[in-house]
């Protein structure tokens, strides 16, 4: 079966544990919380021991087979936890399928990996866990979902932030859910339960946003000019190479050009795009016809020549202007 974060709590009711679980995703906070919930339910069901393995080589997988077949010294039920990259090759796949065959009464198998690409998600061991156990894929919380996620977490802490406070909190922790949770805990300790306004956020929450070039591309694709400028400034402050930043922007401009021509991203050859990516492209389709591609191509070329030292000027300024114009603003120059 396939689970979601929303359905996990109901699934983990007493007496409903599956013999094996796969938790995959790149959001460390959410993956950790989901794994903790599964372990807690397992302990309540009598799985009092826990073994953790980090297989990387063929010998590690062989040791894991031995661990799966060994009985506890005291006859207790145990959680066999496996953490790896998701790409274990033939040895890893065969080992996990074999462990799944023996999991159940005395052993609960818990596999934790980063987000699985489409090719890995179709391998035998993933399909075996999904059919005989449960797979919980955890997706990133995007900018559109972040304020809702923060509001939910604040309510759990007894706080009711105003819309302005939520927007400010989201801007300060964008892309960093662990920092967001820490800041909410800090707010819970500093403030009384109830309403939280933007002044309290300004005073208590430190800027902890984590920016990357893909986040910039998402902002440009969505036409979010203010967010794009904020990310450009953050990437510049973190010392990211402007070449990577320019690549991210031009990549999304090519996507927009394809949408203008009527391309269907869901029918492309190769691995299928994640649902969130497909949804973002569909939302961008209406604005694809209004983007000034020729002018943006000229500006991107200027930025590239500045990066290579063939044209005087600051490439970061040119990239910022490129993002602004790609988002629908018309710079003065």
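Each reported figure results from applying straightforward, stated rules to the coordinates on display, with no laboratory input. Quick caveat, the model's predicted, so the values are computed rather than measured. Cβ sites come from the backbone with ideal geometry, for glycine too, and all protein chains shown count toward neighbours.
Numbers at a glance
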| read-out | value |
| --- | --- |
| Sorted by Cβ neighbour density within 10 Å, fewest at the top, the residues 211, 293 | 293, 211 |
| Crossing angle, helix 275-288 versus the chain [Cα axis fit, 0-90 degrees, rounded to tens] | 10 |
| 222 nm mean residue ellipticity, helices alone, for the chain (DSSP H n ≥ 4; -39,500 (n - 2.57); rounded to 500) | -18000 deg cm²/dmol |
| Structure-derived Rg and Dmax of the Cα atoms in Å - corresponding label in [x] 23.8, 76; [y] 18.4, 55; [z] 19.0, 62 | [x] |
| Centroid-to-centroid separation of the stretch 117-180 and the stretch 264-333 [C-alpha atoms, Å] | 27 |
| Residues 54, 84 arranged by fewest to most Cβ contacts within 10 Å | 54, 84 |
| Most mobile of 194, 217, 32 in a GNM of the chain (Cα contacts under 10 Å) | 194 |
| Bridge type composition, the chain - antiparallel percent by DSSP, nearest 5 | 0 |
| Helix 177-190 axis, angle to the chain major axis (alpha carbon atoms, nearest 10°) | 90 |
| Zero-based 5 Å bins, Cα pair distances in the stretch 143-204, whole percents | 4, 21, 37, 29, 8, 1 |
| Principal-axis tilt of helix 143-156 within the chain, Cα atoms, nearest 10 degrees | 50 |
| Residue exposure sequence - 153, 310 - by fewest surrounding Cβ within 10 Å | 310, 153 |
| Estimated translational D of the stretch 5-138 in µm²/s (Stokes, Kirkwood radius over Cα pairs; 20 °C; 1.002 mPa s) | 145 |
